[in-house]
Each structure stands twice: as C-alpha cells, then as structure tokens.
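To start, the structure itself, in structure tokens.
What follows draws every value from the coordinates through simple rules; no lab data is involved. The structure presented is a predicted model; accordingly, all values stated were derived computationally and were not measured. Using ideal geometry, Cβ is built from the backbone for each residue, glycine included, and neighbour counts are taken over all protein chains shown.
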Amino acid sequence: MQRLFFIVMMLFASVAIAQTDSTDLADEEEDEESFEWLKGNMNEDVEFGLRLGTNTTTMFGGELDNPRPMFGLNGAVYYRKKFTPKNAFQLDLAVSLRGSNFDNPVGQYSKLVTYYIDLPVTWVRSINADNSSHVIAGLQYSHLLNTSIYMTSTAVAENERPNLRNNDVMVLAGTQFYGGFVGFQIVAKYGLLNINNGLISGLNPALKNKGIHNFALELNLLF
C-alpha cells in the first residue's frame, strides 16, 4: 500500500512537470495565453489544476498518549467553478499520508500512520481586486485505505493492524494566493468524527475507549 501511495504521488508530480514544460513548445502568443490560464485566479469561470504539498499531522482526543506532530504528503487534482465575480466552489480528489508520532517509552507505540483518499468540497472567496488571493472553507470526506502502527520503530504485524473507522469528515479553513503560475495554499483540517474502533487489544499504553480525531496543517503548491 505504501508503494501504491507513492506511485500516485509521483504521477501527480509528473503531470505537473509535463504541464509546465509544455509551455516551452508553443509560440509566444500561445505561451502568454497558457501562462494566464495557469495563474489560477478567479478571472476564469472554470479552473482545473493540481495540488501538491506536505502536511504536519497529529491525532487529538483522549485515547492516545503523548501525541506529537508527524510530517506527511498529499496531492490532488481539483476543479473550481465561479458562481459570482468573487465566489467559487472547488472540488478536489486527493490522496494523503497522515498520522501521528508519540513520545512514549521503549516497548510502547511510537507512531501511527494512515493513508487516505480525500474529497474536499470548499467555498472559495476572493479577497483582492485581481482575484488572485482567496480564503477557503469547507468540509472534507476521507476514506481510510490502510493503517500501520509502530512500536519503538518496529512495525506491528499486518494481522494486528490498528482498528480505525474507515470514514472521517473534516472541517477545513485556510487561505491561498497565486504568484506567477504557481499558487500557495495553507489550510488547517480537523476531524469531526471519532475514528477509534478499538485499535489493538493489549496495546501498551492500555486502551481507554476514548476518542481519536485527525488534525492536519497542509502547505501546498497549486498548479
């Protein structure tokens, strides 16, 4: 599953590189038109693009002991449709690696890694005259693909994979702006659902039958 995840991420990156390189093959007028299309502002009624980035994630709630941030990756294709001069909705299809580190002693769990398919639906609001800076807010549905837990840097056997609920809904808010043909986005996401489904019986520290909620802070490039 890890290999499949990184193959998908490499495909996103390859498409982004090909999209950028293709502008070198057109004449000057076509280059200018392509550059304007790639700017990503809301002056166009419809936008298609790519989102690639990193995230800092952890897990809140009372179930897990001593959670600490973990760095992951995410990538998406997106579609944005303007419905007023300053407002649009955006739909993404994404993959993400999330989870949490834990500051627990030797012999106890030290990392929980999750792989998700994400479907964010966001409202995009322009906040400047040329429509190149936006605030965003919305909801994200996430479906769990796989989970791994580590005990002091050693993976637990696959047949003891942590039990987490497959579905999550996250509320999100952030901002994005476009400079040249590359956009920058920062967005925070918090899971509204308790994804704890028992984890692993006998896990150390002991289970408490309390909540687990995803949290992610993403820093993305928009193409």
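What the table below lists for this structure:
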item: Of K86/K189; K81/K189; K82/K111; K82/K210, pairs whose Cα-Cα distance is over 31 Å; result: K82/K111; K82/K210
item: Region 54-205 - charge dipole about Cα centre, Lys and Arg +1 at Cβ, Asp and Glu -1, debye rounded to 20; result: 560 debye
item: Total charge dipole magnitude, region 38-106, about the Cα centre, Cβ charges on Lys, Arg, Asp, Glu only, Debye to nearest 20; result: 340 debye
item: At R0 = 41 Å, FRET efficiency that the Cβ-Cβ distance of N197 and K81 yields, to 0.05; result: 0.70
item: Distance between region 38-117 and region 183-207 - C-alpha centres, whole angstrom; result: 13 Å
item: Residues listed by number, region 170-209, amide nitrogen under 13 Å from Y141 label point at 7 Å toward C-beta; result: 170
